[in-house]
Every structure is written in structure tokens, then in C-alpha cells.
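Please read the structure below before turning to the comments.
The values are calculated or read from the model by the stated rules, or taken from the named source; none is laboratory data. Keep in mind it's a predicted model, so treat the numbers as computed, not measured. Here Cβ is always computed from backbone atoms with ideal geometry, including for glycine, and neighbour counts include all displayed protein chains. Side chains included, ligands, DNA and RNA excluded: accessible areas come from the protein's heavy atoms. Shrake-Rupley method; radii C 1.70, N 1.55, O 1.52, S 1.80 Å.
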Amino acid sequence: MIPSSPIYHKPKSILAAKNILYAAVFLGAVIILVIGMSRGFQNFLKTPGWIAGTASLVVVFIFVKQIELGKKWARTLFLIFFILEALLTPFKLISLLKGNFLLDVLFLIQAILQIFALKFLFAQKSTLWFISVRSASKQ
């Protein structure tokens, strides 16, 4: 028997956003590996870049897990995190355009995935689901 709690009845928009965000996290891990291979892992591990990249992947992974649990704050924080990343993109692109074309493409795909995920997360059905989860947890 399926429980009646809204947490178990996610709309397709939430499921799509979750899957897209997991794909973006996986792509982020691939990006970190490509950067490491292109710079040599010994040199790459001596820079703070891999720590920042890994930390941001962990943060997004935590957001996705909390979104799955119906935590509206996680959706909002992910949006803020995405906006902050978007503001840093011009600075990243300057250094990336001098480097590896593959990385440029991977970063672009990751950004597009996150935009689609945000579209699904802020769809009307998703918003109604977050509200229903919140109201069900207060009862």
C-alpha cells in the first residue's frame, strides 16, 4: 500500500528536476576529472580549485536530497546558488576559453541542465507539491 503523504506522490516536474540535477552533479564530477587530467593530477590537487569544485558538487547533492524530501528552502537555496554561479561565469569563461574546448562544452551543458531543472522546480505543480508537503508535515 502506498502511503498517502504527498512526499510519496511527487509530480513529474519534481522527478524530472531531480534526475536532471543528478545528471548535472555527475557532469560536475566529470568536469573535475577532465580538469585534473588536463593539468596533471599532482598539480591539480595542489590548487584550491578541486576543493571548491568538489564542495559545490556536495552542496548541490545535498540540495537535491532535500528537494526530494519536499524542503522548499532547498529549492530556494539552489536558485540562489545557481545565480551566484552564473555571476561568476564570466570570470570562469575568461580562463576556460584560453584552455580546453571540451571543458567549455561540459560547463555549458551543465548550466543548461541546471536551467531546465530550475524550470521544473518552479513549475506550478512543483510549487503546489512543496506547499502540500509543508502543510502535511505541520499536521
message = Tell me yes or no: at least one residue of the range 38-45 is open to solvent by 50 Å² or more (accessible area, probe 1.4 Å) and not in a helix (DSSP H, G or I).
response = yes
ask   = Of all residues in the range 46-89 being within 24 Å of SER135 (Cβ to Cβ) and of a type in the set (D, E, K, R), which is surrounded by the fewest Cβ atoms within 10 Å (Cβ to Cβ)?
value = LYS65
query = Do we find a residue being out of contact with any helix residue (DSSP H, G or I) (no Cβ under 6 Å at 6 or more places or on another chain) and at pLDDT below 80 anywhere in the range 118-133?
reply = no
remark   = Checked ALA23, ALA55, ALA16, ALA29 against criteria (without any contact (Cβ under 8 Å) to a residue 24 or more places away in the chain and part of a helix (DSSP H, G or I)); the one match is ALA55
